[in-house]
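See structure below.
The values are calculated or read from the model by the stated rules, or taken from the named source; none is laboratory data. Quantities reported herein were computed from a predicted structural model and do not represent experimental measurements. We place every Cβ from the backbone using ideal geometry, glycine too, and count neighbours over all the protein chains shown. Side chains are part of the model used for accessible areas, which takes the heavy atoms of the whole protein and leaves out ligands, DNA and RNA. Shrake-Rupley method; radii C 1.70, N 1.55, O 1.52, S 1.80 Å.
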Amino acid sequence: MKKLVLVAAIAATTFGAVSTAQAEGFTVTGNAGMFSDYRFRGISQTNNDIAFQGGFDVVHSSGLYAGVWNSNIGFGGGAGNGNGLETDVYGGYTFPIGPVTADVGLLQYIYSGTTDAATRNPAQNVKFDTLEAYVKASYAGFTLAGYYALSEDYFGTSDQQGPATSNVADMSGSTYVNLAYKYALSDKITISAAIGQTNFEKPVAPVLVGAGFVDSYVDYNVGVTYNLNGFELGLAYVDGDDDMEAIAVGAGGFNRDAGKGDVVVSIKKSF
């Protein structure tokens, strides 16, 4: 029942915003989809379960834009079990630099229903909410993106500084760099590939026994989409290095499978 309520909330936020009248110079677009798993930087955010996602964007002809995106989440270990909610609020500016399209902005991740007593000490006031600044450059199907954490909290890892520690670290300065490529084989089929690296400002100690401290990890994915009468059908394989699997256990009570390679099937509609 809770998951159905989340789906309704996501749909209401998305469709309600898109139905607003478009003013001169502004374009409003939206998207909604269902995924067999929600993978963020390689790691499952839904305990390897189904995700319902939707969002909308408001773009001005000057290049300024803003948007909101939502997904159900479940970090395992009591953190919602699929009934939590992630809301991403972002805004930025796109502009050309010769043949390159540049994009700069801010992205705030807001998590609800993710309190996990098994992996979080309430006295430490550790939060999953994270604020990042980003810059992107796109050219000929390639997109290079860099994200820089401005908040002290970094996706719930700021208390993972060692076994049974009571210290809460300032994780601002953590980064994520991603290189992605898309190529349209036809007007219906598009292939894609991406590789990224997360770099923690301070090494993180996963719960996985014998894994040691992790200061970074790599994720990657390859996929294909097919346009079926306006619906985007997707198939992707998502994986990463051993450090990603290790950190998936320590960060937010994920189960071990959350960091293992998996196939993600999806259906998405943009409007």
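Here is the figure for the range 223-244: residues that are open to solvent by 50 Å² or more (accessible area, probe 1.4 Å) and either assigned to a strand (DSSP E or B) or in contact with a helix residue (DSSP H, G or I) (Cβ under 8 Å, 6 or more places away or on another chain) (or both) total 9. What are the residues in the range 46-77 that are out of contact with any Ser or Thr (no Cβ under 7 Å at 6 or more places or on another chain), touching a residue at least 60 places away in the same chain (Cβ under 8 Å), open to solvent by less than 40 Å² (accessible area, probe 1.4 Å) and assigned to a loop (DSSP other than H, G, I, E, B), if any? Gly76 - this is the single residue of the range 46-77 that is out of contact with any Ser or Thr (no Cβ under 7 Å at 6 or more places or on another chain), touching a residue at least 60 places away in the same chain (Cβ under 8 Å), open to solvent by less than 40 Å² (accessible area, probe 1.4 Å) and assigned to a loop (DSSP other than H, G, I, E, B). When the residues of the range 246-255 are filtered to those that are out of contact with any Lys or Arg (no Cβ under 6 Å at 6 or more places or on another chain) and at pLDDT 55 or above, the one that is nearest to Ala169 (Cα to Cα) is Ile247. Residue count for the range 15-49 satisfying the condition of being of a type in the set (A, V, I, L, M) and modelled with pLDDT of 95 or more: 3. Within the range 26-45, the residues that satisfy the criterion of being more than 22 Å from Tyr147 (Cβ to Cβ) and in contact (Cβ under 8 Å) with a residue 40 or more places away in the chain are Thr29, Gly30, Ala32, Gly33, Met34, Ser36.
Could you run through the range 173-210 and say how many residues are part of a loop (DSSP other than H, G, I, E, B), at pLDDT below 95 and surrounded by fewer than 17 Cβ atoms within 10 Å (Cβ to Cβ)? Walk me through how you get there before you give the answer.
Filtering the range 173-210 for residues part of a loop (DSSP other than H, G, I, E, B) gives 173-174, 185-188, 205-210.
Still in the running and at pLDDT below 95: 205-210.
Cutting the leftovers down to surrounded by fewer than 17 Cβ atoms within 10 Å (Cβ to Cβ) gives us 209-210.
Qualifying residue count, the range 173-210: 2.
Restricted to strands (runs of 3 or more DSSP E) entirely inside the range 99-159, those with at least 1 residues that are at pLDDT 90 or above, closer than 19 Å to Ala205 by Cβ and of a type outside the set (Ser, Thr, Tyr) are 142-149. Among the numbered conditions (1) over 17 Å from the mean Cα position of the chain (by Cα); (2) at pLDDT 90 or above; (3) crowded, with 18+ Cβ neighbours inside 10 Å, the only one that Tyr220 does not meet is (1).
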